[in-house]
Amino acid sequence: MESPLRDRSFGDTTGVRLIETLFWDGTRYPRLPLHLRRLAEGASRLGFPFNAEGVQSALSTATGDTPLRVRMTLGAPGDVEVTTAPLPPTKPQWRLGLAPSRLTSADPWLSVKSTRRAAYDAARAALPEGLDEVIFRNERDEVCDGSITSIFFDRGQGMRTPPLSSGLLPGVLRAELAVPEEVLLARDLPHVRLWVGNALRGLIPALWAGN
């Protein structure tokens, strides 16, 4: 299987694996086409071989009659690894704070879901007591995304989500909801209605707890 031409802006990709975390509802993967599309785009940009049938075959072995968290990774040779875990319970509302570190909007790695996610993992590991998620800003003080979620907000004119140009992952739930994009500054977080969400947990109402 021939590898696609790699986007050189990513630099060294040694040891990197692309990630998709899927929800198995006991009968199917509800958002599978969106996961496959994002995975194919990421593989194309990193120059990884991608075979949709092979990925789906690997995922078909990780099923059962109960809901599961399914983590699938794709490596540079095109190899697929799949692991499963019981689906963790989700609180009805998440409390949010601000991540102490910032993202750089021009960083290409923010646009693919991969194992190169040190800033996100560090923020998750250091999550302050009483918070369920922390929100990242970029160098312009624009809201990006959370450590494991996309951000959605409403100023009173309907649900919006930050634009990809702010420096964030094109989340699967974000693609499914397809709400308009709009820049949100960090200083406005206490003044808007908020949600967070991802493909595993769906959309979750959120409360700004501040820092």
Given a 1.4 Å probe and every protein chain left where it sits, what share in percent of the accessible area of the chain is carbon and sulfur? 52
Can you check what the net charge comes to around GLU181, using other residues whose Cβ is under 10 Å from the Cβ of GLU181 (Lys, Arg +1; Asp, Glu -1)? +1
Taking the Cα centre of the chain as origin, work out the dipole magnitude from +1 charges on Lys and Arg Cβ and -1 charges on Asp and Glu Cβ, in debye rounded to 20. 220
When the solvent-accessible surface of protein heavy atoms is calculated with a 1.4 angstrom probe, in what order do HIS191, HIS35 fall, highest first? HIS191, HIS35
What is region 59-211 by shape, rounded, prolate or oblate, if you read a ≥ b ≥ c off the alpha carbon gyration tensor as root eigenvalues and call it rounded for a/c under 1.5, prolate for a/b larger than b/c, and oblate otherwise? prolate
Quick check: with the 1.4 Å probe, what order do THR63, THR104 take by accessible area, largest first? THR104, THR63
Taking a probe of 1.4 Å, how large is the accessible area per residue of the chain, in Å²? 48
Write out the GluC sites (Glu not before Pro) in region 1-110 meeting two conditions: DSSP loop, and at most 15 other Cβ atoms within 10 Å of their Cβ. GLU2
At most 16 other Cβ atoms within 10 Å plus a DSSP loop assignment makes a site exposed; report the longest stretch of the chain without any exposed trypsin sites (Lys or Arg not before Pro). 29-139
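Is region 5-139 best put as rounded, prolate or oblate by its Cα gyration tensor, with a ≥ b ≥ c the root eigenvalues, rounded for a/c under 1.5, and otherwise prolate when a/b is larger than b/c, oblate when not?
Values: a/c = 2.35, a/b = 1.09, b/c = 2.17.
It comes out oblate by the Cα gyration axes.
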What does the net charge come to around VAL196 if you take all other residues with beta carbon closer than 9 Å to its beta carbon, with K and R at +1 and D and E at -1? -2
Please find the FRET efficiency linking THR66 to LEU203, where r is the Cβ-Cβ separation and R0 is fixed at 30 Å, and quote it to the nearest 0.05. 0.85
Check ILE151: other-chain or 5+ apart residues with amide H under 5 Å from its amide H, H built from backbone geometry? GLY146
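The values are calculated or read from the model by the stated rules, or taken from the named source; none is laboratory data. Small disclaimer: the values here were computed from a predicted structure and weren't measured. No Cβ is skipped: glycine too gets one built from the backbone with ideal geometry, and neighbour counts run over all protein chains shown. Quick note on the areas: whole protein, heavy atoms, side chains included, nothing else; ligands and nucleic acids left out. Shrake-Rupley method; radii C 1.70, N 1.55, O 1.52, S 1.80 Å.
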